[in-house]
Amino acid sequence: MTTAGRVRLTIVVVFAAGLLLAATARAQPAQGPPIVIKDIHVEGSRRVHDAVILGRVKSTVGSTFNPSLLSEDIRAIFGLGFFDDVQLRVEDFEGGVKVVFVVTERPFVRDVDFVGHKKADRETLQEKIDIKLGSVYNPVDVQRAVEKLRDYYEDEGYFEVQITPNVEKFSDGDVRLVFSIVEGRQMTIDTIVFRGNKGLTDAQLKDAMETKERQYFILRGKVQRQRLDTDVDRIIAAYNDNGYIQARVESIDPAIDRERARVTITIVVVEGPQFTVGTVQITGVTLLPEREIVRQIKFKAGDVFSVGKVRDSVQGILNLYSTIGRASADVNPKRDQLAATNQINVTFEVSEGPEVYVERINISGNVRSEDKILRRELPLREGDLYTLQKRERARQKLVNLGFFESVAVTTQPGADKTKIVVNVDVVERATGLFSLGGGYSSVDSLVGTIDLAQRNFLGRGWEVAVRIRAGAKTQQGTISFTEPWLFDRPLSAGFDIFKSIRDYTDYKYDTTGVNLRLSHPFAEYWRWHLGYRVSQDDIRNIDEFASPALRDQEGITLTSAVGGSLTRDSRDVIAAPTKGAQTVLSLDFAGLGGDSKFVKATALQTYFKPIWFGHIIAMRAEGGYGFGWADEPLPLFERFFLGGPNSVRSFKFHGLSPVDETGFKTGGTSEILGNVEYIVPLPFAFRLAGFFDIGNVYGFSTSFDPTDLRKAAGGGIRWQSPFGPIRVDYGFNLDRRAGEAIGAFHFSVGSPF
């Protein structure tokens, strides 16, 4: 007998007992007392507390015996879901009756296991089912779990999967569930076939789909039902963007060839007529010139109608209003469909709304970082006029802190139409670094490194670093500290203690010193910098055949220099920019004490622009000039050299320089440098780059001639690794001269410019 049958039988028994008691009561004199419940008791419960069971019972001690109410009590107890059977026993007790609910508990699931699985790990399979340890065993839940597991495997292309649930009982009645899985072969896509398409080609529809016949041009695609469901929307969206607004997907049928483990997906579409744009009108515009609104509309009369372009036009108009603080503006693209001519008249109904102010800024996700180090970077404050530029600038500044894996800045309506709530959600990254390592650089050959750094020390935004670098040609050590907000003002201050020894081809340079830094932002994207450097510079091992002027550079020099610079940086991501620009104008003056007396000025301009398909054009222009004063020449260690991974890449590091009559590279007093890169993004954070470099160094042994430029072209690959951008480049010498190499190979860390 089923559980439900036993419950119905119990209720019938209760009714029968009630009728018997009622008949007994009628046999007694009419004035006899009613039957009273003197006690209510539960039997058979082991894990479920009696109080939980009796909490569902409406019958009470002292109440009149009521068979109908007791029947409801049985149903309520059974509805708890903990019992296979609920029965009622009625006994005489102290002049009344004792009601006993006899329950038979269902077993509990003490363990769940999976065997035979290879595609997914145990944790993934456990997440797919609703059965948890300690839950009540229910065969219906087990069958539902089997279906969910089968759906998961079929979504991954395993259409031959077999799943068998086994129930093992423990001595105390609890059970262990074991799902035996035979995964079978993973079905891959043979081909995708379309039926009924005339307006759009198979290639256009396949491009719109997430499901692909080939992955990475080599591997066969996998069948995933969830993706196919999404592809229905993608196909319809492709048709809607090409004027077929009545298009629909009639069916998607995966035909399985079990012998070859291949699937042929047949998609039947019904296109309907293609619609074009009739008239385009705008209403409700008073605050902006209508021509500015028209510029945001992505189509004109006579174009093929596109739902996507309508959506983009609406967003463009909203963004335009957001730039003037009207974030509550609303745009309704009203469409008037003319079936007779297959045209759609579009009217953009604009409701400009009031100015919107920031009501509140909510920040979440910052576990280690103090709230204030995020808030102080935001160009938005409570009560400020909200604009789209400020929101995007807020996200950009938080991303460039380098403290977070991701930064999302979203908004929601405030208390009324004049207010908006800004939500900042961040995911923190590990900002500390301790590493012991080694590697190879085309500049320094084999190197060993020790890095101890923390970019968000104590969660207060301090930057602390100790770095040691030792290789065949260089030894460097640096201790640095930066407080980005001194006295809780946007005043960055810091110092660097450094020691560096480098072996050049013709001499060795050894410097030890301290650098003090101070900077402050102003206007949009701009910042001024001030610095003071004192260092002991030692040049030794100069080639004995060098000119007397260069021999005079040998020895120890004390340098005391002050410097200042102006920078403007609008790059979106500093580590790997995709858009924006950087401007740097700097001037250094040495001679406030010490031995060195020189002036050195440099100018740098970079520019990044996304073009099509995520490709990027990157450009840099750089120039510099320096001179000594008080009859002192520009020191050798301050002169200009080109060549290397961040310069003219057909030459090795410091390989491009004027030379004296002995062939010694003297360095120059001025330089010109230009770089252009074409960058193509690839999967897994890789990028391909093609580049063209041009530049030269002038001075001492050569006169300044901006038409005398060296040229290089080449290509490389970049990887945005967890340790920073890693680059491999090879540059070809386009105007090779006698004694020069064909080109140069460069392996380096960091952005080229």
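The values are calculated or read from the model by the stated rules, or taken from the named source; none is laboratory data. These figures come from a predicted structure and were not determined experimentally. Every residue, glycine among them, receives a Cβ derived from its backbone with ideal geometry; neighbour counts consider all protein chains shown.
Can you tell me which residue in the range 197-228 is nearest to Tyr158 (Cα to Cα), limited to those that are exposed (fewer than 14 other Cβ atoms within 10 Å of the Cβ) and either at pLDDT 85 or above or touching a Leu at 6+ places or on another chain (Cβ under 8 Å) (or both)? So the residue we want is Glu210. Tell me, please, whether a residue that is assigned by TED's automatic domain parsing to the domain that holds Leu587, in a loop (DSSP other than H, G, I, E, B) and either within 32 Å of the chain's Cα centre (by Cα) or at pLDDT below 95 (or both) can be found in the range 620-630. There is at least one residue in the range 620-630 that is assigned by TED's automatic domain parsing to the domain that holds Leu587, in a loop (DSSP other than H, G, I, E, B) and either within 32 Å of the chain's Cα centre (by Cα) or at pLDDT below 95 (or both). Tell me whether the range 672-681 contains one or more residues that are at pLDDT below 95, part of a strand (DSSP E or B) and surrounded by fewer than 16 Cβ atoms within 10 Å (Cβ to Cβ). Within the range 672-681, one or more residues are at pLDDT below 95, part of a strand (DSSP E or B) and surrounded by fewer than 16 Cβ atoms within 10 Å (Cβ to Cβ). Name the single residue, out of those in the range 527-546 being assigned to a strand (DSSP E or B) and among the hydrophobic types (A, V, I, L, M, F, W, C), that is nearest to the chain's Cα centre (by Cα). Among residues in the range 527-546 that are assigned to a strand (DSSP E or B) and among the hydrophobic types (A, V, I, L, M, F, W, C), the one nearest to the chain's Cα centre (by Cα) is Trp528.
Within the range 90-112, the set of residues being at pLDDT below 90 and within 30 Å of Ser171 (Cα to Cα) comprises Val103, Thr104, Glu105, Arg106, Pro107, Phe108, Val109, Arg110, Asp111, Val112.
With respect to Glu622, determine if the residue is among the acidic types (Asp, Glu), under 30 Å from Arg551 (Cβ atoms) and touching a residue at least 12 places away in the same chain (Cβ under 8 Å).
Details: among the acidic types (Asp, Glu): yes; under 30 Å from Arg551 (Cβ atoms): no; touching a residue at least 12 places away in the same chain (Cβ under 8 Å): yes.
When the stated conditions are applied, Glu622 does not pass them.
The set of residues in the range 704-737 that are part of a strand (DSSP E or B), among the polar types (S, T, N, Q) and without any contact (Cβ under 8 Å) to a residue 40 or more places away in the chain contains only Ser721.
Filtering the range 569-597 to residues that are surrounded by 17 or more Cβ atoms within 10 Å (Cβ to Cβ) and touching a Gly at 6+ places or on another chain (Cβ under 6 Å) leaves Ser570, Arg571, Asp588, Lys597.
Being outside any strand (DSSP E or B), surrounded by fewer than 15 Cβ atoms within 10 Å (Cβ to Cβ) and either small (Gly, Ala, Ser) or in contact with a His (Cβ under 7 Å, 6 or more places away or on another chain) (or both) narrows it down to one of Gly353, Gly325, Gly383, so name that one.
Gly383
Just to be sure, is Gln281 within 32 Å of the chain's Cα centre (by Cα), at negative phi and modelled with pLDDT of 90 or more? Judged against the criteria, Gln281 is not a match. I'm trying to understand the selection: among the residues of the range 235-262, which are among the β-branched types (Val, Ile, Thr) and over 18 Å from Leu205 (Cα atoms)? Once the filter is applied, which keeps residues that are among the β-branched types (Val, Ile, Thr) and over 18 Å from Leu205 (Cα atoms), the range 235-262 yields only Ile256.
Please work out if Val263 is buried (at least 19 other Cβ atoms within 10 Å of the Cβ), over 29 Å from the mean Cα position of the chain (by Cα), assigned by TED's automatic domain parsing to the domain that holds Phe194 and not charged (D, E, K, R). So Val263 fits the description; yes.
Within the range 463-495, being buried (at least 16 other Cβ atoms within 10 Å of the Cβ), outside any strand (DSSP E or B) and among the charged types (D, E, K, R) holds for one residue alone: Lys473. With (1) surrounded by 14 or more Cβ atoms within 10 Å (Cβ to Cβ); (2) in contact (Cβ under 8 Å) with a residue 60 or more places away in the chain; (3) over 30 Å from Ala689 (Cα atoms) as the list, and Phe545 as the residue in question, which single condition is left unmet? Here Phe545 meets the rest and fails (1).
Considering only residues that are of a type in the set (A, V, I, L, M) and either surrounded by 14 or more Cβ atoms within 10 Å (Cβ to Cβ) or on the phi > 0 side of the Ramachandran plot (or both), which ones fall in the range 91-138? Val97, Val99, Val100, Val102, Val103, Val109, Val112, Ala120, Leu125, Ile129, Ile131, Val136 - these are the residues of the range 91-138 that are of a type in the set (A, V, I, L, M) and either surrounded by 14 or more Cβ atoms within 10 Å (Cβ to Cβ) or on the phi > 0 side of the Ramachandran plot (or both). Considering the conditions (1) among the acidic types (Asp, Glu); (2) in a strand (DSSP E or B); (3) modelled with pLDDT under 90, Asp506 is excluded by exactly one of them, (2). With a requirement of 2 or more residues that are of a type outside the set (Val, Ile, Thr), the strands (runs of 3 or more DSSP E) lying completely within the range 209-283 that satisfy it span 248-257, 276-283.
The single condition among (1) touching an Asp or Glu at 6+ places or on another chain (Cβ under 9 Å); (2) under 29 Å from Ala581 (Cβ atoms) that Trp719 does not satisfy is (1). Among the candidates Val659, Val648, the residue that is assigned by TED's automatic domain parsing to the domain that holds Leu734, surrounded by 20 or more Cβ atoms within 10 Å (Cβ to Cβ) and within 22 Å of Gly739 (Cβ to Cβ) is uniquely Val648.
Would you pick out the residues in the range 154-166 that are surrounded by 14 or more Cβ atoms within 10 Å (Cβ to Cβ) and under 27 Å from Phe108 (Cα atoms)? Even if it seems obvious, please write down each step before you answer.
To start, the set of residues in the range 154-166 that are surrounded by 14 or more Cβ atoms within 10 Å (Cβ to Cβ) comprises 154-161, 163, 165.
Across the range 154-166, the qualifying residues are Ile163, Pro165.
Entry remark, the range 167-181: residues being surrounded by fewer than 13 Cβ atoms within 10 Å (Cβ to Cβ) and part of a strand (DSSP E or B) number 2 in total.
For residues that are modelled with pLDDT under 90 and of a type outside the set (Val, Ile, Thr), scanning just the range 467-482, find the one that is farthest from Ser500 (Cα to Cα).
Of all residues in the range 467-482, those modelled with pLDDT under 90 come to 467-476.
From what's left, of a type outside the set (Val, Ile, Thr): 467, 469-473, 475-476.
Numbers: Arg467: 11, Arg469: 9, Ala470: 10, Gly471: 12, Ala472: 13, Lys473: 11, Gln475: 6, Gln476: 4 Å.
Once the filter is applied, the top-ranked residue is Ala472.
If you check Ala415 against the conditions, is it hydrophobic (A, V, I, L, M, F, W, C), out of contact with any Phe, Trp or Tyr (no Cβ under 9 Å at 6 or more places or on another chain) and farther than 17 Å from Gly461 by Cα? Against the criterion (hydrophobic (A, V, I, L, M, F, W, C), out of contact with any Phe, Trp or Tyr (no Cβ under 9 Å at 6 or more places or on another chain) and farther than 17 Å from Gly461 by Cα), Ala415 qualifies.
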